[in-house]
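Every number here is computed from the coordinates shown, using simple stated rules; none is lab data. Given the structure is predicted, the values throughout are model-derived calculations rather than measurements. Methodologically, a virtual Cβ is constructed for each residue, glycine included, from the backbone with ideal geometry; neighbour enumeration extends over all protein chains shown.
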């Protein structure tokens, strides 16, 4: 029997809510599966194999493309609320009754809404490099994010060296290692996202940046244990937002890693897997 | 051969800088010893056995009374700078060339100064429930601290239930367990502190609260890896100060625990020992 990893797990499909969702699942099929929600413009390949394979030692890992992203069909929604409903439809279609949920960046906003709406489904929540609604500096892409994503590059995927890592020598060395891992899947990679993904997701990011009722009040309704993780100097989703999440969620632990930007979990994959595993174990 | 624990390790004495320092040392005598710096009004008995015995599995643990505290003679200094010099004299007198250093609350301020002054001595630093110089709300004892320490109690050591724990049912249940552990040493407990300790230490806390040069600039000189730990809602040393430490130290990881006050590490002793052990291992 083949033991799949993030680098060779086949892409599968499941129909739900009129959408054909592309997904991959692999790892230890005991216990509670971990479902992951992806960042801005990311597809199935944009996760770090070191992190996902680390998780997969202990549990089943499930990644998917939400509506309209890469190999999943449909029209990309322009709000996190719609993306959350689609994510719920996908999880329900798999017939899974209890999950742990990890959301990274934009995925972390969506994860908050899924956890709030479905306390019976989501046991524990991990929020990485993300912000609450109406977070600090989150009324759209930050100036740093606009500059980084707007830069023309000879090697396209080197954009992640600036999005996820700081400019320090140490962090850039970690970025090179991450890129190697990210490129390791050479067969059956996901299809590229279409040109309509980024604008629709930017609209959703902008909407999530707007106030709605009392600031941060909705976080009190997310009663699950939460692990909030970020880098010390996230220029994409400013780090203070992770502090806000921790301070306003009823049961949240915060971990901030040193000399790290938006992809702190890809800079310290072994440490991050250890911290998450410890958090999920209890 | 007796394997000592925090509950039965004998009190020893060493002379340095004209002071006879009282200390205890126990645990696994391999690797780098961990030296701990105590909080306001605390003596040798004020550490949590669950935490210290947890550390002692992996390394030697060294606790001591600084000048003028309980079983250590001399006059209590009124600045952290003097306390740091005394701490260095104590460590040097033991003939140890490399240590890891943990400072809790007031001890965390002193630990910063020792780490800054002695980069060759201090390999790694752990700052628990503490603040940088001129921290937010740290111009003296906080109003909450004044109320808690000022309250007359039938059972004196129950003060720690309010200093270290939140008022939630869960946190107060953890407080009861902590008190049981704290009281477990029934033979050869340390002597009580004298009446001059609290006023002198309050003067030192007040002095540490004052500005001196550019705010937080000195933290850039502490180049060791640092683990900063606190509770979500520390009313003795406001939690935001731990965030400030993480943001201004060059190489600091931050961990904040949920529903926890000043003694978050005593509320989650097993998790804290795991996090610290992981931090010290690399």
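Quick look at the numbers
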| read-out | value |
| --- | --- |
| Residue B:260 vs. criteria surrounded by 24 or more Cβ atoms within 10 Å (Cβ to Cβ) and more than 8 Å from chain A (Cβ to nearest Cβ) | yes |
| Test for residue B:253: is it over 17 Å from the mean Cα position of the chain (by Cα), within 9 Å of another protein chain (Cβ to nearest Cβ) and in a helix (DSSP H, G or I) | no |
| In the stretch A:219-229, the residues that are within 9 Å of chain B (Cβ to nearest Cβ) and under 12 Å from residue B:255 (Cα atoms) | A:228 |
| Test: residue B:183 is within 30 Å of residue B:21 (Cβ to Cβ), more than 14 Å from every other protein chain (Cβ to nearest Cβ) and in contact with a helix residue (DSSP H, G or I) (Cβ under 8 Å, 6 or more places away or on another chain) | yes |
| So residue B:89, is it in contact (Cβ under 8 Å) with a residue 60 or more places away in the chain and surrounded by fewer than 21 Cβ atoms within 10 Å (Cβ to Cβ) | yes |
| Helices (runs of 4 or more DSSP H) wholly inside the stretch B:48-120 that include at least 2 residues being touching a strand residue (DSSP E or B) at 6+ places or on another chain (Cβ under 7 Å) and farther than 21 Å from residue B:276 by Cα | B:80-93 |
| Test for residue A:30: is it farther than 17 Å from residue A:188 by Cβ and either surrounded by 18 or more Cβ atoms within 10 Å (Cβ to Cβ) or without any contact (Cβ under 8 Å) to a residue 60 or more places away in the chain (or both) | yes |
| Some residue of the stretch B:263-278 being without any contact (Cβ under 8 Å) to a residue 24 or more places away in the chain, farther than 17 Å from residue A:256 by Cβ and within 8 Å of chain A (Cβ to nearest Cβ) | yes |
| Residue that is surrounded by the most Cβ atoms within 10 Å (Cβ to Cβ) [pool: residues in the stretch A:230-248 that are closer than 22 Å to residue A:119 by Cβ and within 8 Å of chain B (Cβ to nearest Cβ)] | A:246 |
| Spans of helices (runs of 4 or more DSSP H) in the stretch B:129-225 with at least 1 residues more than 19 Å from the chain's Cα centre (by Cα) | B:143-150, B:169-182 |
| Search result, residues across the stretch B:229-251 that are within 19 Å of residue A:233 (Cβ to Cβ) and free of Cβ contacts under 8 Å to residues at least 40 places away in the same chain | B:243, B:246, B:247, B:249, B:250, B:251 |
